Amino acid sequence: MSQPDQDRTTINSTEKAVTETLLSPRFYRTDYAALDKIDVSPMRREWDAMMGEFDVDANREHFRKEVKFDAARMSPELYAEFQDFLVSSITAEYSGCVLYQEIEKNVDNPDVKKLMNQMARDEARHAGFINKSLNQMGLAVDLGFLKRSKKYTYFAPKFIYYATYLSEKIGYARYITIFRHLQKNPERQFHPIFSFFEEWCNDEFRHGEAFALIMRADPRLLRGRNKLWIRFFLLAVYATMYVRDHSRPELYNALGMDPTEFDYKVFDITTAISKQIFPLTLNTDSPAFRSGLENMLRLNIAIQESKNKGGWWQSVRRIGLSAQNAFYFAKLYMLPVKSNELPDTVRMEPAW
Ligand SMILES: [Fe+2]
Ligand SMILES: [Fe+2]
């Protein structure tokens with residue numbers, strides 16, 4: 001590929017990564033002074049064991065391997081969805097990297113500083129690795145530009161803990177489910193990046209463990225009114241994933257997976273893991289939950305179609321659709337949840 005072509009594809013995929021939609025991974029800022037005051041001493045034994053694993057850095061060589069990739073095997077539709085999948089994945093990885101780097105830079109607390117340094121190291125590797133794959137497809141995301149031009153959302157520390165814990169654990173659940181599925185169906189592995197998911201997801205699992213210990217060290221985060229926030233974040237993360245995965249039919253078709261089945265499996269794994277720290281879980285198997293998610297999916301498809309059509313009438317129509325979407329979210333939020341008694345030890349093994 002000539003240099004101008006290369007530049008153009010970098011610009012296109014960077015633009016894609018910068019585009020802000022409700023479902024896109026976000027970049028965050030937070031109250032660094034509050035994070036500086038985190039005291040992990042109630043969880044010291046488990047914390048030190050976890051930091052020992054970060055020090056071992058078992059995946060040091062894993063992401064240095066070369067990936068050879070042939071795009072000719074993909075239909076244009078699959079190519080577009082796979083590219084979209086990689087761009088949103090790299091944005092999510094890099095958003096974690098930037099958040100952890102910023103926290104590291106802005107705190108003196110040695111426990112928090114070291115943890116953030118190690119997690120930023122992992123996420124930088126993950127993002128760099130995806131960029132290598134994008135490069136081979138003749139695309140790339142300019143990460144420096146992304147860092148400068150993405151909009152940043154301020155989140156209070158406790159929201160960072162709930163949201164980041166969940167995104168790390170759901171990331172683990174997604175990667176391991178795809179990896180296990182392709183182990184059983186190797187003919188479906190249309191890109192070598194999937195063969196890296198097993199070690200990769202163990203990094204994400206450990207990042208989630210760190211936030212579990214931080215939350216457990218301050219039990220106020222897990223009781224009273226905060227339970228309503230935990231419920232909110234669980235639902236928001238699950239619903240977002242459901243809508244996004246169903247917007248990539250070709251990708252799941254190529255993998256030989258049904259996105260609905262895949263998502264419910266990921267919900268089950270994430271729910272089982274989250275019992276280590278959250279005092280409640282969502283009842284994702286109830287028919288009311290399933291039909292609520294289907295309603296949100298239907299509305300999000302209608303909103304997207306209306307955006308594609310454009311025009312003032314469609315803008316008016318979208319107000320109604322968005323209101324209905326909010327109504328279904330609220331209805332899902334009101335469904336009964338299961339309460340969960342927290343175990344004595346927080347940490348668990350990635351056993352899926
Ligand atoms: Fe990552
Ligand atoms: Fe992570």
**Asked** Counting only residues that are over 22 Å from residue 252 (Cα atoms) and either assigned to a loop (DSSP other than H, G, I, E, B) or among the hydroxyl-bearing types (Ser, Thr, Tyr) (or both), which one in segment 181-219 is farthest from ligand 2 (Cβ to nearest atom)?
**Response** 218
**Asked** So which residues in segment 137-180 are in a helix (DSSP H, G or I), of a type outside the set (Gly, Ala, Ser) and out of contact with any helix residue (DSSP H, G or I) (no Cβ under 8 Å at 6 or more places or on another chain), if there are any at all?
**Response** 148, 180
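Which one is nearest to the chain's Cα centre (by Cα), of the residues in segment 220-243 that are of a type in the set (Lys, Arg) and either under 26 Å from residue 262 (Cα atoms) or assigned to a helix (DSSP H, G or I) (or both)? Break it down stepwise before answering.
Looking only at segment 220-243, we keep the residues that are of a type in the set (Lys, Arg), and these are 220, 223, 225, 227, 231.
This time we only want the ones that are either under 26 Å from residue 262 (Cα atoms) or assigned to a helix (DSSP H, G or I) (or both), so: 220, 227, 231.
On the way: 220: 25, 227: 21, 231: 17 Å.
It comes out as 231.
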**Message:** Name the residue that is nearest to ligand 1 (Cβ to nearest atom), counting only residues in segment 67-103 that are free of Cβ contacts under 8 Å to residues at least 40 places away in the same chain and within 28 Å of residue 350 (Cα to Cα).
**Reply:** 93
**Item:** Residue match in segment 145-160 (condition: away from ligand 1 (no atom under 16 Å from the Cβ) and polar (S, T, N, Q))
**Value:** yes
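Being closer than 19 Å to residue 126 by Cβ, in contact with a His (Cβ under 8 Å, 6 or more places away or on another chain) and among the hydrophobic types (A, V, I, L, M, F, W, C), is that true of even one residue in segment 200-207?
yes
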**Request:** Give the number of residues within segment 322-341 that are surrounded by 14 or more Cβ atoms within 10 Å (Cβ to Cβ) and touching a residue at least 24 places away in the same chain (Cβ under 8 Å).
**Result:** 10
**Message:** Quick check on residue 251: is it assigned to a helix (DSSP H, G or I), more than 17 Å from residue 88 (Cα to Cα), touching a Phe, Trp or Tyr at 6+ places or on another chain (Cβ under 7 Å) and not aromatic (Phe, Trp, Tyr)?
**Reply:** no
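So which residues in segment 124-144 are more than 17 Å from residue 194 (Cα to Cα) and either within 11 Å of ligand 1 (Cβ to nearest atom) or of a type outside the set (Val, Ile, Thr) (or both), if there are any at all? Quick ask: steps written out before the conclusion?
Pass one, segment 124-144, residues more than 17 Å from residue 194 (Cα to Cα): 124, 138-144.
124, 138, 139, 140, 142, 143, 144, listed by residue number.
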**Asked** What residue, among those in segment 54-102 that are more than 22 Å from residue 139 (Cα to Cα) and hydrophobic (A, V, I, L, M, F, W, C), is farthest from ligand 2 (Cβ to nearest atom)?
**Response** 56
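FYI, it's all coordinate maths here, none of it is from the lab. Fair warning: this is a prediction, and the values are worked out from it, not measured in the lab. No Cβ is skipped: glycine too gets one built from the backbone with ideal geometry, and neighbour counts run over all protein chains shown.
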